[in-house]
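All of the numbers you see were taken from the coordinates with simple rules; none came from a lab. Keep in mind the model is a prediction, meaning the values are calculated, not measured. No Cβ is skipped: glycine too gets one built from the backbone with ideal geometry, and neighbour counts run over all protein chains shown.
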């Protein structure tokens, strides 16, 4: 059967991953198992691809309703944590995972705290009491290792200015420069899920890579997990594009001895050394406010929240008026101190 | 409305009140009209003279200085500076006392010469350069024959300039309330836009986050010197006066021993 559940060896209840201890734990009897020591049932099973169209819950026998991307979920009838193992094997086998460090309760609390900090969010929104749904989700990412060989040529100038007698002299030295640069970027994350907004996912970074673990299915117990929609070749252009500003800034840092720089030739040759399929923890928060749904994402390790909150017109006006008034007062005071009188 | 909003509106109200205070102060003045417009060349209508006199009487007390206009046909063909100095010595004007604080605009119709002079407080607050500014402002109006407008402008500008500490440039854009307001509104708008932009979370990774610094770096570099170019520009010395063809002059001392600032020109 391609459905994996974790039954507690002591009492038979469904076990889930516990973000506080990092262990597989039983909510009924409190048993905790170290994930590293559990034999992963996934490794023992071999499936033909697309063999199964229907999944049945091991506990209650109900049909598990999932989207085609879902690889781990909970049974909608009995609530058991289930892992759909054929969606995690073969090409779809994740290599690494960063488990959740923030529990659902902590996530809700952190989200409420974040809402209160919003300086422009409406007051009704700040109480954060309309959280419609909060889901812990392992989002598929590719972590790229990219090696870029850069050759740049160009002309730079150094300018000196000095005064002699009644004249101001400006001396400009022209140089021709060449730089050969090797840049190695490691574990650059690119979100591989079609569902997730790329910009939102980019803002969630950085993920603490010291928490990276070899993938084991028990980490997914109790959470939703998705499989990738795009393979690593397909996302390579995005990865390259993401490193471009990094490379550009490195290049300009190597020629900062020049006052002005003009590039004649810039050759950037980037190769993908490797790409690891990795699941990263994200709390998705769905929030209803005045009939509209807002989606937020929270880094499941650091608690960083991203997503566009509604903006209050009243608060925008108040801030605009307040800051303008204070600036005006400040300018008046500056003018007065410079000797300008108050009118 | 929340607390922050209330504070903001209170602050705005306070500023509005404070801006209005000078207006209420002006209204309290009792009009004891003093003759300050001496139209001896008879170039102004009587109602214009009355109008200007009222204006000078309104602004003068606030700066404790008499704003005087003196027009003359100059029957004895004397120099405009001498005319002004004699006017001060003989008629002994002054806000606080005879030979006191005064600013005099002398319009000499024979040679179409113009002289502005500041005495005592007038000298301290309206130095040569400030008087030059006033003269440059009103000379075109005088040339066009708008005497009433030019005199009114002279009174208002002198009043305004005397509100600035001596030595600062009164035309500095920073002192302009409209400019201050525009700058303040721009700052307010910028702050709000940045706040709105950042409300959705920011990218907190930079170019170094994913860089493997041990395996990244410059492998080889070459810098070849090509040439040097030199340009030289003459440094303008600051001692040239900005008076142009029609201006110049400056202050002096009257034969009665009263020191004054000044600016002369023609129109």
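Take the Cβ atoms of residue B:156 and residue A:199, set R0 to 56 Å, and the FRET efficiency comes out at 0.50. Of the residues B:82, B:97, B:232, the one that moves most in a GNM of chain B with alpha-carbon contacts below 10 Å is B:232.
Computed from Cα atoms, the angle from the helix B:80-91 axis to the main principal axis of chain B rounds to 60 degrees.
Placing a label point 7 Å from the Cα of residue A:294 along the Cα-to-Cβ line, the residues of region A:100-130 whose backbone N sits under 19 Å from it are A:107-130.
Using Cα springs under 10 Å in a Gaussian network model of chain B, which residue among B:120, B:210, B:95 shows the largest mean-square fluctuation? Answer for the Gaussian network model of chain B: B:210. Taking the C-alpha atoms only, the angle from helix A:313-337 to the longest principal axis of chain A is near 30 degrees. For chain B, a/c is not less than 1.5, where a ≥ b ≥ c are the root eigenvalues of the C-alpha gyration tensor, and a/b does not top b/c. That puts it in the oblate class.
Let me know the shape class of region B:30-189, please: from the alpha-carbon gyration tensor, a ≥ b ≥ c as square roots of the eigenvalues, rounded when a/c is under 1.5, otherwise prolate if a/b is greater than b/c, or oblate. Prolate shape, in that a/c is at least 1.5 and a/b is the bigger ratio. Could you tell me the calculated FRET efficiency between residue B:196 and residue A:209, based on Cβ-Cβ distance and R0 = 22 angstrom, to the nearest 0.05? The formula returns an efficiency of 0.10 here. Taking the C-alpha atoms only, the angle from helix A:104-117 to the longest principal axis of chain A is near 30 degrees. Among B:176, B:79, B:223, which one moves the most in a GNM of chain B with springs linking Cα atoms closer than 10 Å? Maximum among the listed residues: B:223.
Using a Förster distance of 60 angstrom, determine the FRET efficiency expected from the C-beta separation of residue B:78 and residue B:189, and round it to 0.05.
Numbers: r = 59 Å, r/R0 = 0.98.
According to the calculation, E is roughly 0.55.
For the pair residue B:228 and residue B:266, label points projected 7 Å from Cα toward Cβ lie 5.3 nm apart. If a/c stays under 1.5 just call it rounded; otherwise compare a/b with b/c (prolate if a/b is bigger, oblate if not). Do that for chain A, with a ≥ b ≥ c from the square roots of the Cα gyration tensor eigenvalues. Judged from the Cα gyration tensor, chain A comes out oblate (a/c at least 1.5, b/c at or above a/b). Simple spin-label estimate for residue A:7 and residue A:173 gives 8.0 nm between the two label positions (7 Å along the Cα-to-Cβ direction from each Cα). Think of it as helices only: each DSSP H run of n ≥ 4 in the protein assembly as shown is worth -39500 (n - 2.57), and spread over all residues that comes to -10000 deg cm²/dmol at 222 nm.
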